[in-house]
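Accompanying notes for the structure given below.
The values are calculated or read from the model by the stated rules, or taken from the named source; none is laboratory data. If you're wondering where the values come from, they're calculated on a predicted model, not measured in any experiment. Methodologically, a virtual Cβ is constructed for each residue, glycine included, from the backbone with ideal geometry; neighbour enumeration extends over all protein chains shown. With ligands, DNA and RNA removed, areas are computed over all heavy atoms of the protein, side chains included. Shrake-Rupley method; radii C 1.70, N 1.55, O 1.52, S 1.80 Å.
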Amino acid sequence: MTIKIYNTMTRQKEDFQPRSPGKVRMYVCGPTTYNFIHLGNARPLIVFDAVRRYLEYRGYEVIFVQNFTDIDDKIIKRAQETGEDALQLSARYINEFFKDAQALGVKPATHHPKVTEHIPEIIEMIAGLIEKGFAYEVDGDVYYAVEKFASYGKLSGRSLEDMQAGARVEVDERKRHPMDFALWKKAKPGEPSWPSPWGEGRPGWHIECSVMSLKYLGAEFDIHGGGFDLIFPHHENEIAQSEAYLGEPFARYWMHNGFITVKEEKMSKSLGNFFTVREILQHFSGQVVRFFMLSSHYRNPLDYSPEKLEEAKKGLERLSNALANGQEYSNGVNGIMSEEAAAAREEFIQAMDDDFNTALALSVLFELARQINAGVAAGEEKEKIAGLTGVLAELAQVLGLELKAGEKAEADAGLLKELVDFLLLLRQEARARKDWTTADAIRNKLGDLGIIVEDTPNGPRWKRK
């Protein structure tokens with residue numbers, strides 16, 4: 001069986017063949033840290049975490065790199081608004097990022113490089129691009145000359161003419177072409193800056209990912225991922241500057257997840273229709289958010305609403321309840337790999353091998369849950385139920401879903417308390433009416449069910465035998 005990946009560069013599914021057998025080098029663009037991450041930011045976190053987990057499940061060693069943009073126009077603007085030091089503000093939101101990522105079940109990357117920790121390497125690449133004739137300096141700013149890169153636009157499928165006609169680009173007469181982009185920005189008064197051959201300044205946005213991915217993964221690494229909105233200009237520019245600098249291919253497979261929408265409109269901070277993960281976690285668990293994200297194929301748009309998170313919550317509870325039923329029924333029994341369990345595992349692998357189709361993979365988990373519940377109800381052999389339950393737990397973990405059997409036990413315990421308390425209330429009312437027959441019947445029946453009732457000066461108390 002071969003894993004197939006939809007490659008944005010070729011616009012088709014391709015057999016996955018990593019550069020080095022048994023090892024996957026993977027880079028995913030991380031957040032610009034000037035605020036809490038919103039749900040749109042969370043989708044690539046969860047999507048590519050699931051991709052990573054599945055590749056590891058299939059036996060690959062995965063080197064996973066995700067950067068932090070910790071100096072940027074947005075960070076500087078936010079710091080000016082709050083009166084906070086820009087680098088301190090960024091560091092604070094990096095810490096908050098890790099809290100949200102952990103809540104979403106996202107594993108830390110192998111490397112989490114920051115822009116500010118790689119200024120020397122960035123300056124080195126920019127100098128190399130100038131030397132090769134792909135970049136030029138103007139009054140302390142350095143620009144990439146897009147016309148020098150013959151295949152510029154190959155990822156997005158656009159020509160320079162089309163880009164120029166449809167782009168909202170600030171007019172800068174110093175540029176040789178309107179689409180030329182900044183590699184180094186001359187420092188403005190009061191902004192963080194670093195010394196360079198072109199004067200005090202800081203990196204442009206696009207150069208950072210080229211430098212950090214190549215440093216930690218090397219040329220022609222296997223997978224470069226990010227949101228659909230990064231195809232142009234960010235990833236297009238990464239390719240141009242990286243391949244001009246290297247003289248060889250940059251990345252083998254380009255993967256992009258679809259947008260999160262609200263009423264079918266892209267969620268974004270600029271549109272003001274975004275919800276931070278921190279806000280959503282006040283109402284739903286991170287596992288529910290993760291389940292919601294994985295319920296649709298990663299390349300499809302995913303429309304958000306609280307009602308859909310409620311549906312995700314119920315779906316996750318169904319799986320957790322099935323796991324609890326299976327574990328309780330087959331407690332202490334070694335499972336067997338029945339035909340049904342083996343078939344489920346095979347169907348899951350086929351779904352994930354086909355461009356990481358998590359929606360189809362989840363349907364396999366629900367079928368397993370149905371078989372477990374039906375088998376328990378029918379009194380099937382415990383070894384078979386134990387096997388099905390083990391496979392359900394295994395495959396859920398591949399997707400980063402924690403099916404907590406304890407949640408069902410807690411829910412059952414809460415329901416039991418409510419029912420017993422209600423019966424004791426009825427008993428108290430019967431005693432107040434001096435209806436001793438009813439009061440004794442309630443107490444005796446609870447006793448038959450293993451509930452001991454003790455009458456005290458402060459009212460009745462109960463406990464299990």
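Would you mind working out the accessible area per residue for segment 168-266, using a 1.4 Å probe, and quoting it in Å²?
Details: 4230 Å² over 99 residues.
Value for segment 168-266: 43 Å² per residue.
Can you figure out the FRET efficiency of Lys417 with Thr82, using R₀ = 60 Å and their beta-carbon distance, to the nearest 0.05?
On the way: r = 47 Å, r/R0 = 0.78.
Calculated value: 0.80.
Rolling a 1.4 Å sphere over the protein heavy atoms, what is the accessible area per residue of segment 30-103, to the nearest Å²? Show your work: numbers first, answer last.
Values: 2770 Å² over 74 residues.
Solvent-accessible surface per residue comes out at 37 Å².
Using 0.36 nm per residue of separation minus the Cα-Cα distance, give me the extension gain between Lys463 and Glu328 in nm, one decimal.
Working: separation 135, 0.36 × 135 = 48.60 nm, distance 2.20 nm.
Difference between extended and current length: 46.4 nm.
Place a point 7 Å from Cα of Thr2 in the direction of its Cβ. Which residues in segment 346-361 have their backbone N less than 17 Å from it?
Under 17 Å, as judged by backbone N against the label point of Thr2, lie 350-356 of segment 346-361.
Using 0.36 nm times the number of residues separating Phe366 and Glu56, minus their current alpha carbon distance, what extension gain do you get?
Details: separation 310, 0.36 × 310 = 111.60 nm, distance 2.30 nm.
Residue separation times 0.36 nm, minus the Cα-Cα distance, leaves 109.3 nm.
Counting only the heavy atoms of the protein chains, how much of Met267 is accessible to a 1.4 Å probe, in Å² to the nearest 10?
Using a 1.4 Å probe on the heavy atoms, I get roughly 10 Å².
State, as an integer percentage, the relative contact order of the chain based on alpha-carbon contacts under 8 Å between residues 6 or more apart. Provide the component values of the computation, followed by the final result.
Details: 700 pairs, mean separation 74.6, N = 465.
Result for the chain is 16 percent.
Quick one: if you stick a label point 7 Å off each Cα along the C-beta vector at Thr438 and Glu381, how many nm between them?
About 5.2 nm separates the two model spin labels.
Beyond 23 Å, what share of the Cα-Cα pairs of segment 1-150 remains, rounded to the nearest whole percent?
Working: 6064 of 11175 pairs.
Within segment 1-150, distances greater than 23 Å cover 54 percent of Cα pairs.
What's the center-to-center distance, using Cα atoms, between segment 193-228 and segment 285-300 in Å?
For segment 193-228 versus segment 285-300, the Cα centre distance is 30 Å.
Which value in nm describes the separation of the simple spin-label points at Lys132 and Ser305, placed 7 Å from the Cα toward the beta carbon?
Here the modelled spin labels are 5.0 nm apart.
Treating the angle as unsigned and between 0 and 90°, give the value, to the nearest 10°, between the Cα long axis of helix 39-57 and the longest Cα principal axis of the chain.
The two axes meet at around 80 degrees.
State the extension gain, in nm to one decimal, for the chain segment bounded by Thr110 and Arg19, taking 0.36 nm per residue of separation less the distance between their alpha-carbons. Kindly include the intermediate steps, with their values, before the conclusion.
On the way: separation 91, 0.36 × 91 = 32.76 nm, distance 1.83 nm.
Contour length minus the Cα-Cα distance gives 30.9 nm.
With Rg and Dmax of the Cα atoms in Å as the read-out, I listed (i) 25.9, 87; (ii) 28.5, 100; (iii) 22.5, 71; which label goes with the value calculated from this structure?
Only one option fits the structure, namely (ii).
Report, to the nearest whole %, how much of the accessible area of segment 31-152 belongs to carbon and sulfur atoms, 1.4 Å probe, protein only. Walk me through the numbers on the way to the answer.
Numbers: 2240 of 4830 Å².
Carbon and sulfur atoms account for 46 percent of the accessible area of segment 31-152.
Roughly what would the spin-label model give for Asp162 and Gln282, points 7 Å off Cα along C-beta, in nm?
4.4
Can you give me the angle between helix 436-448 and the longest principal axis of the chain, using Cα atoms only, in degrees from 0 to 90, rounded to the nearest 10?
Taking Cα atoms only, the helix is inclined about 60 degrees.
Give the accessible area for Asp139 in Å² (nearest 10); use a 1.4 Å probe, count only protein heavy atoms, and leave out ligands, DNA and RNA.
Estimated to the nearest 10 Å², Asp139 gives 100 Å².
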